[in-house]
Amino acid sequence: MASSKRFKLLFCALGIFVCYFHFGMLQEKITRGQYGDGKSSEKFTYMFTLVFFQCTINYLFAKTCLLTIMKQGEDTTPRTYYALSALTYLLAMVCSNMALQFVSYPTQVIGKAGKPIPVMILGVLLGNKVYPVRKYLFIFLVVIGVALFMYKDVGPAKKQQSEGQAAFGELLLLLSLTMDGLTSAVQERMRAEHNSKSGHMMLNMNAWSVMFSGVVIVASGELFQFIQFLQRYPSTLWHIATFSIAGAFGQYFIFLTVAEFGPLPCSIVTTTRKFFTVLGSILIFGNSLTSRQWLGTFVVFSGLFLDAMFGKDKSSKKNVAK
């Protein structure tokens, strides 16, 4: 029985690693790659369309799971909660993808590793959460690591031409993190007030995100520009499809790991896979890190591991008068 459970955990961890490694490499290829040759080369800039496809695949995947293997009963969560969380969820993904046009993938991963920071702050302010002191210390360690990684030490010539773009990319990452924090705060309230289940959240948040992003890409004309882009570079459609499918399966393996083994093993697995995704980006796409950035990376993941191991077992909520 114990060996069977270990095998299942290994299977889930392998699923998360493979799916999100493939997801991360394709995300970098799509958003940072050059399409075409010479002066006619161009970049992929259709971020709302990319998220539209991603959310559509996620919705179809969640619908299939709920009809087959994830029986979660009736959902009583108000649509307004789903609409609000979907809006912040959508904006977080769009800002994160857009940031890759201005910063390297390792920078994006390390920046997004600071997600616990806004989650904690907004959890306290909006969700009335109370955390143990050690959790604040672990998250402070993450802050130090992110600061070490992001600190600029480029030369004057390079500084003028690249610092502005990098700063804009980092601003987009900050906006993405803020949206992540708001999403988590709304989800906490949904769980507390309506005991919302993961399958229903995945289904409804992605459904609303499809509607929001669909309106944006049609109203802005991005959809028609994207179709023209596909006519020039048809292989991009395959990359987007496999990118979206990998993300959907990755979410499923995360939900399965949490359901079967709890949030602690899942946190450890997802933190580890982020580190290996950074390594993959460095090896495959030639992204390089300075010694200081390697130190920052080590500090960030140390803080995340400590938080996963010791920071989550005694968080509680304040009593709130209804």
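The values are calculated or read from the model by the stated rules, or taken from the named source; none is laboratory data. This is a predicted model, so every value here is computed, not measured. Please note: Cβ atoms are built from the backbone with ideal geometry, for glycine as well, and neighbour counts cover all protein chains shown. Side chains included, ligands, DNA and RNA excluded: accessible areas come from the protein's heavy atoms. Shrake-Rupley method; radii C 1.70, N 1.55, O 1.52, S 1.80 Å.
Observations, loosely collected:
- Filter result (in a helix (DSSP H, G or I) and open to solvent by 60 Å² or more (accessible area, probe 1.4 Å)) within the range 189-201: 189, 191, 192, 193
- The range 19-52: number of residues that are in contact (Cβ under 8 Å) with a residue 60 or more places away in the chain and open to solvent by 60 Å² or more (accessible area, probe 1.4 Å): 4
- Top-ranked residue of the range 296-310 - restricted to ones that are within 18 Å of residue 111 (Cα to Cα) and of a type in the set (Phe, Trp, Tyr), ranked as surrounded by the most Cβ atoms within 10 Å (Cβ to Cβ): 301
- Count of residues meeting criterion [part of a helix (DSSP H, G or I) and touching a residue at least 24 places away in the same chain (Cβ under 8 Å)] in the range 61-78: 5
- Filter result for residue 194 (touching an Asp or Glu at 6+ places or on another chain (Cβ under 6 Å) and closer than 23 Å to residue 72 by Cβ): no
- Of all residues making up the range 114-133, the number that are in contact with a helix residue (DSSP H, G or I) (Cβ under 6 Å, 6 or more places away or on another chain) and open to solvent by 50 Å² or more (accessible area, probe 1.4 Å): 2
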